[in-house]
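The values are calculated or read from the model by the stated rules, or taken from the named source; none is laboratory data. Source: prediction; values computed, not measured. Here the Cβ positions follow ideal geometry from the backbone for every residue, glycine too, while neighbour counts run over all protein chains shown.
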Amino acid sequence: MPQPSCRRCGTCCIKGGPSLHREDLPLVEEGRIRVQDLVCIRSGEMAYDPRRGGLQSVPRELVKIRGKGASWECVCYDRASSQCRIYAARPAECRALSCTDPAALYAVMEHPYATRFDLVPADSALGQCIAGHESLFPVLPALNLALEWVRSSAGPVPEELMDMVRGELHFRRAFAERVGSRDEDLWIYFGRPLWQVLAPTVPALEGYGTG
């Protein structure tokens, strides 16, 4: 079957980078997709699902090509030239996507998704740090606490929630300092900062960890 031709309009790239599937793992292992360009969307986070036409809570973690800054525009997309810098090594979802017929993309989205532990052995030191972070600072309880607060519309952000946000930020900053890296380059391992995940629900957290 011929591959769909791309009009290079950039619409799909501006909406967000693709999720990776296990069939895409060789692209990462060979360095054709950089680890620092990836982000883990942790279980419970909201992500856009084109099959449902809106944001959905993800039931299991996803590995995606991350966005630029606070936007979801794919970090591999160059607006000035309307080009993808990894086009020759683009993941399965990008290869399948057609603006006129989404059926091939939807079929690929049924393939097994990649996770952090496809890239990092669970029994490694880094794997244990990832598991520890997930145990201490899971997304769903924090999001549920934020939603309860929004529904109650009662006063300041709960201290329990702020303790989670502060603790998670300290964890990731300490780890980044220890390994001599930027936090943003570690998003594949720990996901986005908890304050950033919660900010759409709790606007008071907007920009919390940037100072």
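Which ones in region 50-69 are more than 28 Å from Leu136 (Cβ to Cβ) and surrounded by 14 or more Cβ atoms within 10 Å (Cβ to Cβ)?
Going residue by residue through region 50-69, those that are more than 28 Å from Leu136 (Cβ to Cβ) are 50-54, 68.
The answer is Pro50, Lys68.
Considering only region 73-112, state which residues are among the charged types (D, E, K, R), assigned to a helix (DSSP H, G or I) and under 19 Å from the mean Cα position of the chain (by Cα). If you could, list the steps in order and put the result at the bottom.
The initial filter retains those residues of region 73-112 that are among the charged types (D, E, K, R), namely 73, 78-79, 85, 90, 93, 95, 101, 110.
With assigned to a helix (DSSP H, G or I) added as a condition, the list becomes 93, 95.
Scanning region 73-112 gives a single hit, Glu93.
What about Cys9, is it over 24 Å from Thr210 (Cα atoms) and in a loop (DSSP other than H, G, I, E, B)?
Numbers: over 24 Å from Thr210 (Cα atoms): yes; in a loop (DSSP other than H, G, I, E, B): yes.
For Cys9, the condition - over 24 Å from Thr210 (Cα atoms) and in a loop (DSSP other than H, G, I, E, B) - is met.
In region 1-29, what count of residues is obtained for those that are loosely packed, with under 12 Cβ neighbours inside 10 Å and modelled with pLDDT of 95 or more?
Number satisfying all stated conditions: 1.
Working only within region 191-211, note down all residues that are under 29 Å from Leu25 (Cβ atoms) and either touching a Cys at 6+ places or on another chain (Cβ under 7 Å) or part of a loop (DSSP other than H, G, I, E, B) (or both). Let's see the steps before the verdict.
We begin by selecting, within region 191-211, every residue under 29 Å from Leu25 (Cβ atoms); these are 191-194, 196-197.
Scanning region 191-211 gives Gly191, Arg192, Pro193.
Could you list, in sequence order, all residues of region 113-126 that are within 15 Å of Leu62 (Cβ to Cβ) and not in a helix (DSSP H, G or I)? I'd like the intermediate steps shown before the answer.
Taking region 113-126 and keeping what is within 15 Å of Leu62 (Cβ to Cβ), we get 113-119.
Tyr113, Ala114, Thr115, Leu119 - these are the residues of region 113-126 that are within 15 Å of Leu62 (Cβ to Cβ) and not in a helix (DSSP H, G or I).
Of Ala146, Ala142, Ala131, Ala122, which residue is over 22 Å from Gln196 (Cβ atoms) and of a type outside the set (Val, Ile, Thr)? Walk me through how you get there before you give the answer.
Working: Ala146 fails: over 22 Å from Gln196 (Cβ atoms); Ala142 fails: over 22 Å from Gln196 (Cβ atoms); Ala131 fails: over 22 Å from Gln196 (Cβ atoms).
Answer to the check: Ala122.
Taking Arg173 as the residue in question, decide whether it is out of contact with any helix residue (DSSP H, G or I) (no Cβ under 9 Å at 6 or more places or on another chain) and farther than 21 Å from Glu61 by Cα.
Details: out of contact with any helix residue (DSSP H, G or I) (no Cβ under 9 Å at 6 or more places or on another chain): no; farther than 21 Å from Glu61 by Cα: yes.
Answer is no for this residue.
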